[in-house]
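To start, the structure itself, in structure tokens.
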Amino acid sequence: MDFKEFSNRIDQWDQRIIMKYNGLGGKPFTIILRFISFFGRETLWLFLIAFYLFIWYDPFLLAYISATFLTGLILILVIKQTVKRKRPFERFEEGEIIVFERKPTSRSFPSWHSYNVMAQGLLFGLFFTKSPIICILLFLLVIMVSFSRIQLGVHYPTDVIFGCIFGIIGFLITLYLTGPLIYKMLTYLEQFVAYEIQYQEINTMLISNIGYLLLSISIFFAIFLLTFYKKIMKSFKKE
């Protein structure tokens, strides 16, 4: 069997699986999966990066979460733009695939959600918990988020499988390269800060410095707008 035939078989399997599981479980299960899918979005991780920078400064957490995110952003973006695979709803006839969330505009391969939940899940599992139960829950979360992308009609199975594989690769790059690099950079920059740095506690500047408070609010509001920008613009157009 040559590569072209193998590729065609994989593509046929992709189409068969997404047709089988798209919308599985009806409306209640779809609502649950839409919520679970949120854990793979960039919104959660951007909020955590902002939180550990402006609210509860922790250079270690900030360095490794942001390194995992930035590594994936570069890795997944390059692959998406290179492969340029169409989304399932773009290839099937209208009505064959139902999209149960806002239609993504990026390319299909690989899944950004699967990358995020796998890479960040491994990060939290390794550094931030010693509990086998939590590790199992993180593993189940990876499976549920990845499956949700198929059930919601926005990804093929191979998209999420390779999203998880690249998540493992991104985690290893973070662990041995980008994470330590960003952590060293943060600790180096700390010596140039004019005020006393407060570690792993609520930053009192949120109360004592109105400028710092406004800056923090602006950052979180910008993340919120980035998340719901298209939805907000769509509602304005309807009006």
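The values are calculated or read from the model by the stated rules, or taken from the named source; none is laboratory data. These numbers were taken from a predicted model, which means no experiment stands behind them. Quick reminder, even Gly has a Cβ in these numbers, built from the backbone with ideal geometry, and neighbours come from all protein chains shown.
Looking only at the range 121-150, which residues are modelled with pLDDT of 95 or more and not hydrophobic (A, V, I, L, M, F, W, C)?
S146, S148, R149
Can you name the residue in the range 95-147 that is aromatic (F, W, Y) and assigned to a loop (DSSP other than H, G, I, E, B) and, of all such residues, is surrounded by the most Cβ atoms within 10 Å (Cβ to Cβ)?
F109
Could you count how many residues in the range 82-127 are more than 19 Å from L70 (Cβ to Cβ) and aromatic (F, W, Y)?
Summing the residues that are more than 19 Å from L70 (Cβ to Cβ) and aromatic (F, W, Y) in the range 82-127 gives 4.
Under 6 Å between Cβ atoms, which residue pairs at least 6 apart in sequence (or on different chains) link something in the range 81-109 that is under 16 Å from R41 (Cα atoms) and touching a residue at least 12 places away in the same chain (Cβ under 8 Å) with a partner that is in a loop (DSSP other than H, G, I, E, B) and aliphatic (A, V, I, L, M)?
From residues that are under 16 Å from R41 (Cα atoms) and touching a residue at least 12 places away in the same chain (Cβ under 8 Å), the pairs are F100/L152; E101/L152; P104/V154.
So F89 clears everything in (1) at pLDDT below 95; (2) aromatic (F, W, Y); (3) within 30 Å of I202 (Cα to Cα) except one condition, right? Which one?
(3)
Looking at (1) on the phi < 0 side of the Ramachandran plot; (2) exposed (fewer than 15 other Cβ atoms within 10 Å of the Cβ), find the lone condition where Q15 falls short.
(2)
With the condition kept exactly as written, say whether any residue in the range 31-50 is outside any helix (DSSP H, G or I) and under 21 Å from V154 (Cα atoms).
yes
For the range 173-192, give me each residue that is exposed (fewer than 14 other Cβ atoms within 10 Å of the Cβ), touching a helix residue (DSSP H, G or I) at 6+ places or on another chain (Cβ under 9 Å) and not β-branched (V, I, T).
Listed by number, the residues that qualify are L177, L181, K184, M185, E190.
Does any residue of the range 75-83 turn out to be of a type in the set (A, V, I, L, M, F, W, C) and within 19 Å of R34 (Cβ to Cβ)? Lay out the reasoning, then the answer.
Residues of the range 75-83 that are of a type in the set (A, V, I, L, M, F, W, C), as a first pass: 75-79, 83.
Okay, now just the ones that are also within 19 Å of R34 (Cβ to Cβ), so none.
No, the range 75-83 contains no residue that is of a type in the set (A, V, I, L, M, F, W, C) and within 19 Å of R34 (Cβ to Cβ).
Quick grid of which residues meet (1) at pLDDT below 95; (2) small (G, A, S); (3) touching a Phe, Trp or Tyr at 6+ places or on another chain (Cβ under 9 Å); (4) under 21 Å from I49 (Cβ atoms):
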position: T174; (1), (2), (3), (4): no, no, yes, yes
position: Y188; (1), (2), (3), (4): yes, no, no, yes
position: Q200; (1), (2), (3), (4): yes, no, yes, yes
position: N203; (1), (2), (3), (4): yes, no, yes, yes
position: K230; (1), (2), (3), (4): yes, no, no, no
position: E239; (1), (2), (3), (4): yes, no, no, no
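What do you reckon, is K86 over 30 Å from T129 (Cα atoms) and in a helix (DSSP H, G or I)?
no
Please verify whether F54 is crowded, with 17+ Cβ neighbours inside 10 Å and in a helix (DSSP H, G or I), treating the condition exactly as stated.
Working: crowded, with 17+ Cβ neighbours inside 10 Å: yes; in a helix (DSSP H, G or I): yes.
Judged against the criteria, F54 is a match.
Of the numbered conditions (1) free of Cβ contacts under 8 Å to residues at least 12 places away in the same chain; (2) part of a loop (DSSP other than H, G, I, E, B), Q191 fails exactly one; give the number of that condition.
Every listed condition holds for Q191 apart from (2).
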